[in-house]
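Visitor: The structure under discussion is supplied below as structure tokens; questions concerning it will follow.
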Amino acid sequence: MDENLMNDLSAVEAPSLTLDLAPAETAETPKPAAPAAVEQTPLSPAEQKMVQDFAQQIDLKNSALILNYGAASQKKIADFSGAALESVRTKDLGEVGDMITGLVTELRGFDAAAEQPKGLRGLFKKAGNQLDEMKTKYAKAETNVERITSMLEGHQVTLLKDIKMLDKMYEKNLVYFKELTMYILAGRQKLAEVRATELPALVSKAQASGLPEDAQAARDFEDQCNRFEKKLYDLELTRTVSIQMAPQIRLVQNNDAMMAEKIQSSIVNTIPLWKSQMVLALGLANSQQAISAQRAVTDMTNELLKKNAAALKMGTIEAAKESERGIVDIETLQQTNRSLIETLDEVMKIQSDGQQKRAAAEEELGRIEDELKQKLLEISTR
């Protein structure tokens, strides 16, 4: 998140309602899954009074007011959604995951026995050289581990800051959600009021006077009411975006928390354990030299005997099997016969289905032709 977003989130806000008549750009609202009931949103007594007072200020005869009603709040949601998306897009948690994977690879890559050659060659390698090589490899691995650890600690600090920032984003989203709800409630209240009083009065006046200007005034006012009703529906869609934003923020926050915990576990558990194991490995290196050499000789002898016996057994069995096989296996003939029968059955089924579909299509073409003729007759007789 950039500094401007941090400053914006740190500001304490409360729901506010305004009748801004200036044109405002509105972002395209995505189709919601299922808008929540506005009436079920709890409001404090002060907020309820704010809704009632604001409803009295709404003038549905003002086209500019209808056009921009709640637009400021919608723009807040659009800007907020864009900022949240930018925060997620610029955060590369994959880099942290790669670092942890690299750390694990580095730790596993150090094998106390890896430098000890296998087989008879191990008898001629000096124990002192093996120990020196092990120490050199450990020093190299330790340098890489320290470097990765330092980078992980930096990412952990960033993640913890982001978690705190996401808490503020969540609170700000709640304010926007409440603000949109109050716009909708105030608009509904005003719309119901004018449809129950002003609109019937204009219709009655037009009916009584019979003047076209009175009838047009009633019609214009009804159109304004319909436009305002559609505007309220747009606000409900934007409100749903705000509703969906809350769990999305929490999901991102949980991902950050889990990654921070993973880093913490690697730093305080995995690395110290690895270092302690390396100390033990270096301490046992000298005593393992003679045992490893003797074991290499014994293992090689046993392995050669096992491989020769297994090769002899496999070759004898395979030769016997091949000598008993016919030119063509009966299973192959059975499978070929089954495939041929299935192919014939499938061809017959496809041909039968094609005949049925063509017959049905002919009936449908006749019905379509009759419908068209009937419609043409109806048009010609009018």
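The values are calculated or read from the model by the stated rules, or taken from the named source; none is laboratory data. As the structure is a computational prediction, the values presented were derived from the model and not from experiment. Using ideal geometry, Cβ is built from the backbone for each residue, glycine included, and neighbour counts are taken over all protein chains shown. Please note that ligands, DNA and RNA were not included when accessible areas were found on the heavy atoms of the full protein model with its side chains. Shrake-Rupley method; radii C 1.70, N 1.55, O 1.52, S 1.80 Å.
Visitor: Could you bin all the Cα-Cα distances of region 295-371 into 10 Å bins starting at 0 and give me the percent of pairs in each, rounded to whole numbers?
Guide: 14, 15, 14, 13, 12, 10, 9, 7, 4, 1
Visitor: Continuing with this model, one more query. Short version: ³J(HN,Hα) in whole Hz for each residue of region 176-185, in order, from phi by Karplus 6.51 cos²θ - 1.76 cosθ + 1.60 (θ = phi - 60°), x for Gly and Pro, what are they?
Guide: 4, 4, 5, 5, 4, 4, 5, 4, 5, 5
Visitor: What ³J(HN,Hα) values, in whole Hz, does the Karplus curve 6.51 cos²θ - 1.76 cosθ + 1.60 give for region 197-205 when θ = phi - 60°, with x put for Gly and Pro?
Guide: 10, 5, 5, x, 5, 5, 5, 5, 5
Visitor: Ordering 266, 209, 380 from largest to smallest accessible area (1.4 angstrom probe), what's the sequence?
Guide: 380, 209, 266
Visitor: Taking +1 at the Cβ of each Lys and Arg and -1 at the Cβ of each Asp and Glu, which of 160, 183, 199 sits farthest along the dipole of region 153-209 towards its positive end, judged by Cα position relative to the Cα centre?
Guide: 199
Visitor: Give me the accessible area of residue 322, 1.4 Å probe, in Å² rounded to the nearest 10.
Guide: 110
Visitor: Any idea of residue 340's accessible area? Nearest 10 Å², probe 1.4 Å.
Guide: Rounded to the nearest 10, that gives 100 Å².
Visitor: Please give me the summed charge of the neighbours of residue 335: other residues whose Cβ is under 12 Å from its Cβ, Lys and Arg +1, Asp and Glu -1.
Guide: Numbers: positive: 338; negative: 329, 331, 342.
Around residue 335, the surrounding residues sum to -2.
Visitor: Please list 188, 338 in order of solvent-accessible area, largest first, computed with a 1.4 Å probe with all protein chains present.
Guide: Descending accessible area places them as 338, 188.
Visitor: Taking a ≥ b ≥ c as the square roots of the Cα gyration tensor eigenvalues, with a/c under 1.5 meaning rounded and otherwise prolate when a/b beats b/c, else oblate, which class fits region 167-231?
Guide: In terms of gyration-tensor shape, prolate.
Visitor: Oh, and also: Applying the Karplus parametrisation 6.51 cos²θ - 1.76 cosθ + 1.60 with θ = phi - 60° to the phi angles of region 212-217, what ³J(HN,Hα) value in whole Hz is obtained for each residue in order, glycine and proline being reported as x?
Guide: Result, rounded to whole Hz: x, 5, 5, 5, 5, 4.
Visitor: Please arrange 298, 181 by accessible surface area, largest first, computed with a 1.4 Å probe and ligands excluded. Provide the component values of the computation, followed by the final result.
Guide: Values: 298 60, 181 0 Å².
These residues rank, largest area first, as 298, 181.
Visitor: A further question on this structure: Over the heavy atoms of residue 161, what accessible area does a 1.4 Å probe trace out, to the nearest 10 Å²?
Guide: Counting only protein heavy atoms, residue 161 exposes about 140 Å² to solvent.
Visitor: Over region 136-277, consider all pairs of different Cα atoms and compute the Kirkwood hydrodynamic radius from their mean reciprocal separation; express it in Å, one decimal.
Guide: Evaluated over region 136-277, this radius sits at 20.7 Å.
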